[in-house]
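The values are calculated or read from the model by the stated rules, or taken from the named source; none is laboratory data. No experiment lies behind these values; they were computed from the predicted model shown. We place every Cβ from the backbone using ideal geometry, glycine too, and count neighbours over all the protein chains shown. Remember, those area values only see protein heavy atoms, side chains included, never the ligands or the DNA or RNA. Shrake-Rupley method; radii C 1.70, N 1.55, O 1.52, S 1.80 Å.
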Amino acid sequence: MEDTYVDSLDPEKLLQCPYDKNHQIRACRFPYHLTKCRKNHPDIANKLATCPFNARHQVPRAEISHHISRCDDKSCIEQDVVNQTRNLGQETLAESTWQCPPCDEDWDKDLWEQTSTPFVWGRANFSGNNSSASNIVTEHKSNLASGMRVPKSLPYVLPWKNSGNTQ
């Protein structure tokens, strides 16, 4: 019995195709061949049934119940189910000993200790004291040459994009 089990695992073992008796396929290529040959022989595929324990077993539909009751792969599946149900209650995850490292940051404390005023977009940063920075008048400067102005709106079509070219 064990010799046939080891023999069935040999990837170089030649297996006969159930769809075409002239096809001898290596075991490692057999599942791919079955899929391909099933499509090429739909008339034979309709007469065969696939074993629920091993998809490599293609059996005539009339004999499928007999095959299921005697299939060698059935015992492997049943043993896996028994082992899983037996180990279901025994498997407990080990508790993690990981601890969060201590945090030295205190954002609230940093906020209260902050001496400068926060940056706000579009507002000048004036401090409350009478420093020279508070006497500076800020002007909105433009780097454009005199006589040039910034456009009030963008064009609807940008010149470097062709509206006629669609990709």
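Taking label points 7 Å from Cα along the Cα-to-Cβ direction, His66 and Asp106 give a separation of 8.5 nm.
Computed with a 1.4 Å probe on the full set of protein chains, the accessible area for Glu113 sits at about 110 Å².
Grab the Cα-Cα distance for Asn83 and Met148, subtract it from 0.36 nm times how many residues apart they are, and report the gain in nm with one decimal. Intermediate values should be presented prior to the final figure.
Details: separation 65, 0.36 × 65 = 23.40 nm, distance 8.38 nm.
Taking 0.36 nm per residue and subtracting the Cα distance, the gain is 15.0 nm.
With each label modelled as a point 7 angstrom along the Cα→C-beta vector, the Ile44-Leu14 pair spans 1.6 nm. Label-to-label distance, Gln99 versus Asn54, with points set 7 angstrom from Cα along the beta-carbon direction: 5.5 nm. Ligands, DNA and RNA aside, His66 has an accessible area near 110 Å² when probed at 1.4 Å.
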